[in-house]
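Student: Have a look at the structure that comes next, please.
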Amino acid sequence: MTNSVLPALIFMIGGFLIPFFKGRAKSVYMMFIPLVGFVNLINIPLGDHFLMNFSDFKLVLLHIDRLGLLFGYIYHIIALITVIYILNFKNDVEYVAGFFYAGAALGAVLAGDLFSFFIFWEMLTIGSVMLIWARKTKSSQAAGLRYLLVHAFGGLVLLAGIVLHYTETGSLEMLKLTLSGPGSYLIFLGIGINCAWPVLHPWLTDAYPEATIGGTVFLSAFTTKTAVYALARLFPGTEALIWIGVAMAAFPIFYAVIENDLRRVLAYSLINQVGFMVVGIGIGTELAINGACAHAFNDILFKGLLFMSMGAVMYRTGKINATDLGGLYKSMPWTALFCCVGAASISAFPLFSGFVSKSMVMEAAASGSHLMGQKSYVVVWLVLLFASAGVFHHAGIKIPFFAFFGHDAGHRVKEAPLNMLIAMGIAAFLCIFIGTYPKPLYDLLPFPVDYHPYTISHVLSQTELLFFSALAFTLLLLSGIYPAEMRALNVDADWIYRKSGKALYHAFDGILNPLNAWCDRVVRGTASRTAYFFKDAGAKISLFVAVNIWLLAGYRDQRLEIKKKKLYNDILHGTLPAGIGAAVTITFIFLVYVLI
Amino acid sequence: MEKKHVFDDPRNVKKLLKIFFSSVVILLILDGFYIVLSKTHVIHSHMNYQWEGFWGFYAFYGFVACVILVLVSKYILRPLVKREEDYYDK
């Protein structure tokens, strides 16, 4: 046991205290939280801490190792940057939810067993949905609810998986799992929902663009990266992940080209980048896992930077659709510059951060393809190369071009507020710093790094790839073939529950409601008839037996009627003489005895 | 009178395009040099696949990839998925 505090608690409790501060003290206090958290984190020694016994389970609330620490560090960095970014919003809900969310993510990546991991995982959902609802528009309410439903379902799948896994193996340890048995498959799927695997992904592109300006920056950092962490921890080298990752890297770029909402374009490119990480984890070699983690680290910075620049545009102009924007470099030159740095980083330009991490995954795929029986990795490599060119196309060029250059939409606004510029400046600085001097990042990676990004062939080939993608963009734009941005909505896999959901509702309304009414009639009818019958069933049966005996005994007419009435009333009111009651009971017992 | 900005002047846009097109050509020339130098073992080349050694492989791949990306998005994906903006509210 150390003198340190659980890192998640610093964020969560620290966050809940924010509303008690006012004015400048509040700003200072908020920036203070991630700093204190960071100092606390670097002072915790490696190993297990905060052991707890919870009935039969041994819980490890804090497990410090290189993989968890890497994510822990970047979560602190992005939390600080985002907090600086949102200082001017004066929205306590956003502040508290943001810190709660960041704390949950920290808790999850530093959890030492599956159960504590699950608890923090669920808190992630709560924090993030508050950030979506904090926008307080009608569409954000609806998107938040859909987001909540998807993640509640995902959480249940994960929980079911953990329970089954525990009953199978008796272990809750966060160790590598192999895909065998329902438990591991359910855990795999539960993580996959948060990781935005294809078809499971629309919660991301649906909800992220609906969140608050700062909320989206928070959201882009934590949920998917925590899922990437969980895959790297539990399923490294699982081959299915390679193909899932390839699909993730490839399909969103097509959507990104035709999407009008620029934050949604970024949401699609977020899936595309996570695809690279998932491929790396699927390949599972040391180089590949290092590449996946390094890319997660960089992605949090440059994707955060891009979302921040788009957020600043939205804050100043009130618009986010490409059709309403353009020419903003005139009034927001700094934001435009920072956006270009983010764009260059995500596109993996030499000297920018994406260059030193994405290529590790590519290299791992290429060297994997020379192994026996892994010929198919060539396809992986080619698709990833396609995705690299594509990401430059939609995130690297499209975002800055349509927002800051291109057709001047006539917005004459002020430059982004100072705190936003500082936040973007820090992120931009880190992108360039890591890109030019990757050693500090490489030193943090889970495995020792023997990789040199700056070889002549790598720099030359990557520059060629990007410049000719840009050439394609330029020529298509000049020739008018490039698809014009349109005010339109592009249906995605969420159609399944948003539109067919309604069709399903009507179908069920037409079939189930009449069925329900019919069942209701049948049950009520049967019940009332049964009740009527059993009200005096005993008396009727007794009468039936008794009348036959009396007839044999010679009772007729008036006397018979009187006897019948008396017996009926006696049985109904339970006033049968004790002797007769006893006789009946004895006869009954005797009958049972004989029959058995 | 509003201040003139860099790209308000079409000459500047033209200049930028010229710089861009010449750098694209220069890259291809550099690639040729690189291949010659690595063939004669003046510099060590790190290649995973044979086709990486073809002249302009990355240039060709990047260009074709983006053209295909745009054409597929525009002529196949958009007609399939495009709906009115209030599609889900109806």
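The values are calculated or read from the model by the stated rules, or taken from the named source; none is laboratory data. Predicted, not measured: the structure shown is a model, and the values here were computed from it. Neighbour counts are summed over all protein chains in view; Cβ atoms, including those assigned to glycine, are modelled from backbone coordinates with ideal geometry.
Student: Within 23 Å of the chain's Cα centre (by Cα) and part of a loop (DSSP other than H, G, I, E, B): does that describe B:TRP51?
Tutor: For B:TRP51, the condition - within 23 Å of the chain's Cα centre (by Cα) and part of a loop (DSSP other than H, G, I, E, B) - is not met.
Student: Continuing with this model, one more query. Any residue in segment A:90-106 that is β-branched (Val, Ile, Thr), part of a helix (DSSP H, G or I) and assigned by TED's automatic domain parsing to the domain that holds A:PHE50?
Tutor: So far as segment A:90-106 goes, yes, one or more of its residues are β-branched (Val, Ile, Thr), part of a helix (DSSP H, G or I) and assigned by TED's automatic domain parsing to the domain that holds A:PHE50.
Student: Same structure again: Kindly indicate the residue of segment A:271-294 that is farther than 15 Å from A:GLY192 by Cα and among the hydrophobic types (A, V, I, L, M, F, W, C) and also surrounded by the most Cβ atoms within 10 Å (Cβ to Cβ) among those meeting that condition.
Tutor: A:ALA292
Student: Another question, then. Please indicate, with yes or no, whether at least one residue in segment A:384-405 is part of a loop (DSSP other than H, G, I, E, B) and either more than 10 Å from every other protein chain (Cβ to nearest Cβ) or in contact with a Lys or Arg (Cβ under 7 Å, 6 or more places away or on another chain) (or both).
Tutor: No, there is no match, as no residue in segment A:384-405 is part of a loop (DSSP other than H, G, I, E, B) and either more than 10 Å from every other protein chain (Cβ to nearest Cβ) or in contact with a Lys or Arg (Cβ under 7 Å, 6 or more places away or on another chain) (or both).
Student: Would you point out the residue of segment A:454-466, among those that are within 30 Å of A:HIS201 (Cα to Cα) and out of contact with any Pro (no Cβ under 8 Å at 6 or more places or on another chain), that is nearest to the other protein chains (Cβ to nearest Cβ)?
Tutor: So the residue we want is A:LEU465.
Student: Also, I was wondering about something else. Anything in segment B:21-32 that is within 10 Å of chain A (Cβ to nearest Cβ), out of contact with any Ser or Thr (no Cβ under 7 Å at 6 or more places or on another chain) and of a type outside the set (Val, Ile, Thr)? List them, or say none.
Tutor: B:PHE21, B:SER23, B:LEU28, B:LEU30, B:ASP31 - these are the residues of segment B:21-32 that are within 10 Å of chain A (Cβ to nearest Cβ), out of contact with any Ser or Thr (no Cβ under 7 Å at 6 or more places or on another chain) and of a type outside the set (Val, Ile, Thr).
Student: Looking at segment A:295-312, which of the residues that are within 16 Å of A:ALA348 (Cβ to Cβ) and aromatic (Phe, Trp, Tyr) is surrounded by the fewest Cβ atoms within 10 Å (Cβ to Cβ)?
Tutor: Out of the qualifying residues, it is A:PHE297.
Student: Taking only pairs six or more apart or across chains, which ones have beta-carbon atoms under 9 Å, a first residue in segment A:522-544 that is in a helix (DSSP H, G or I), and a second residue that is polar (S, T, N, Q)?
Tutor: A:ALA539/A:ASN569
Student: I'd like to know if segment A:251-263 contains one or more residues that are among the aromatic types (Phe, Trp, Tyr), in contact (Cβ under 8 Å) with a residue 24 or more places away in the chain and within 27 Å of A:LYS439 (Cβ to Cβ).
Tutor: No, that holds for no residue.
Student: Taking the residues in segment A:206-263 that are touching a strand residue (DSSP E or B) at 6+ places or on another chain (Cβ under 9 Å) and part of a helix (DSSP H, G or I) as candidates, determine which candidate is farthest from A:ASN298 (Cα to Cα).
Tutor: Within segment A:206-263, the match that is farthest from A:ASN298 (Cα to Cα) is A:ILE258.
Student: Also, quick follow-up: Only one of A:THR216, A:THR169 is among the polar types (S, T, N, Q) and either surrounded by 18 or more Cβ atoms within 10 Å (Cβ to Cβ) or in contact with a Ser or Thr (Cβ under 8 Å, 6 or more places away or on another chain) (or both); which?
Tutor: Details: A:THR169 fails: either surrounded by 18 or more Cβ atoms within 10 Å (Cβ to Cβ) or in contact with a Ser or Thr (Cβ under 8 Å, 6 or more places away or on another chain) (or both).
Going through A:THR216, A:THR169 in turn, just one is among the polar types (S, T, N, Q) and either surrounded by 18 or more Cβ atoms within 10 Å (Cβ to Cβ) or in contact with a Ser or Thr (Cβ under 8 Å, 6 or more places away or on another chain) (or both): A:THR216.
Student: Okay, next question. Give the residues of segment B:33-46 that are in a helix (DSSP H, G or I) and away from chain A (no Cβ under 11 Å), sorted by residue number.
Tutor: Selection gives B:VAL36, B:LYS39.
Student: Suppose we filter segment A:524-544 for residues that are surrounded by 10 or more Cβ atoms within 10 Å (Cβ to Cβ) and over 60 Å from the mean Cα position of the chain (by Cα); how many remain?
Tutor: Summing the residues that are surrounded by 10 or more Cβ atoms within 10 Å (Cβ to Cβ) and over 60 Å from the mean Cα position of the chain (by Cα) in segment A:524-544 gives 8.
Student: Among the residues of segment A:359-369, is any out of contact with any Gly (no Cβ under 6 Å at 6 or more places or on another chain), on the phi < 0 side of the Ramachandran plot, free of Cβ contacts under 8 Å to residues at least 12 places away in the same chain and part of a helix (DSSP H, G or I)?
Tutor: Within segment A:359-369, not a single residue is out of contact with any Gly (no Cβ under 6 Å at 6 or more places or on another chain), on the phi < 0 side of the Ramachandran plot, free of Cβ contacts under 8 Å to residues at least 12 places away in the same chain and part of a helix (DSSP H, G or I).
Student: Does A:HIS411 fit the bill of being within 14 Å of chain B (Cβ to nearest Cβ), farther than 26 Å from A:GLY68 by Cβ and surrounded by fewer than 17 Cβ atoms within 10 Å (Cβ to Cβ)?
Tutor: When the stated conditions are applied, A:HIS411 does not pass them.
Student: Select from segment A:436-474 the residues that are touching a residue at least 12 places away in the same chain (Cβ under 8 Å) and of a type in the set (Gly, Ala, Ser) and write down the one among them that is surrounded by the most Cβ atoms within 10 Å (Cβ to Cβ).
Tutor: Across segment A:436-474, the extreme among qualifying residues is A:SER469.
Student: Scan (1) part of a helix (DSSP H, G or I); (2) crowded, with 21+ Cβ neighbours inside 10 Å for the single condition A:ALA111 breaks and write down its number.
Tutor: (1)
Student: For residues that are touching a residue at least 12 places away in the same chain (Cβ under 8 Å) and surrounded by 15 or more Cβ atoms within 10 Å (Cβ to Cβ), scanning just segment A:475-494, find the one that is nearest to B:LEU69 (Cα to Cα).
Tutor: Among those that are touching a residue at least 12 places away in the same chain (Cβ under 8 Å) and surrounded by 15 or more Cβ atoms within 10 Å (Cβ to Cβ), it is A:PRO483.
Student: Now for a separate question. Could you tell me whether B:ALA59 is within 8 Å of another protein chain (Cβ to nearest Cβ), aliphatic (A, V, I, L, M) and either in contact (Cβ under 8 Å) with a residue 12 or more places away in the chain or not in a helix (DSSP H, G or I) (or both)? Can you show your working first?
Tutor: On the way: within 8 Å of another protein chain (Cβ to nearest Cβ): yes; aliphatic (A, V, I, L, M): yes; either in contact (Cβ under 8 Å) with a residue 12 or more places away in the chain or not in a helix (DSSP H, G or I) (or both): yes.
Considered against the rule, which asks whether it is within 8 Å of another protein chain (Cβ to nearest Cβ), aliphatic (A, V, I, L, M) and either in contact (Cβ under 8 Å) with a residue 12 or more places away in the chain or not in a helix (DSSP H, G or I) (or both), B:ALA59 comes out as yes.
Student: Given the criteria within 13 Å of another protein chain (Cβ to nearest Cβ), within 30 Å of A:TYR454 (Cα to Cα), modelled with pLDDT of 90 or more and in a loop (DSSP other than H, G, I, E, B), does A:ALA336 qualify?
Tutor: For A:ALA336, the condition - within 13 Å of another protein chain (Cβ to nearest Cβ), within 30 Å of A:TYR454 (Cα to Cα), modelled with pLDDT of 90 or more and in a loop (DSSP other than H, G, I, E, B) - is not met.
Student: Next question, about the same structure. If a residue must be assigned to a helix (DSSP H, G or I), within 29 Å of the chain's Cα centre (by Cα) and within 7 Å of chain B (Cβ to nearest Cβ), how many such residues does segment A:467-514 contain?
Tutor: Total meeting the criteria: 1.
Student: Could you list, ordered by first residue, the pairs with Cβ atoms under 6 Å in which the first is in segment B:66-85 and within 7 Å of chain A (Cβ to nearest Cβ) and the second is surrounded by fewer than 14 Cβ atoms within 10 Å (Cβ to Cβ) and modelled with pLDDT under 90, at least 6 apart or interchain?
Tutor: Every condition considered, the pairs that remain are B:GLU85/A:ARG487.
Student: A follow-up question, please. Restricting to segment A:350-375, name every residue that is more than 14 Å from chain B (Cβ to nearest Cβ) and farther than 28 Å from A:LEU430 by Cβ.
Tutor: Of everything in segment A:350-375, those that are more than 14 Å from chain B (Cβ to nearest Cβ) and farther than 28 Å from A:LEU430 by Cβ turn out to be A:MET372, A:GLY373.
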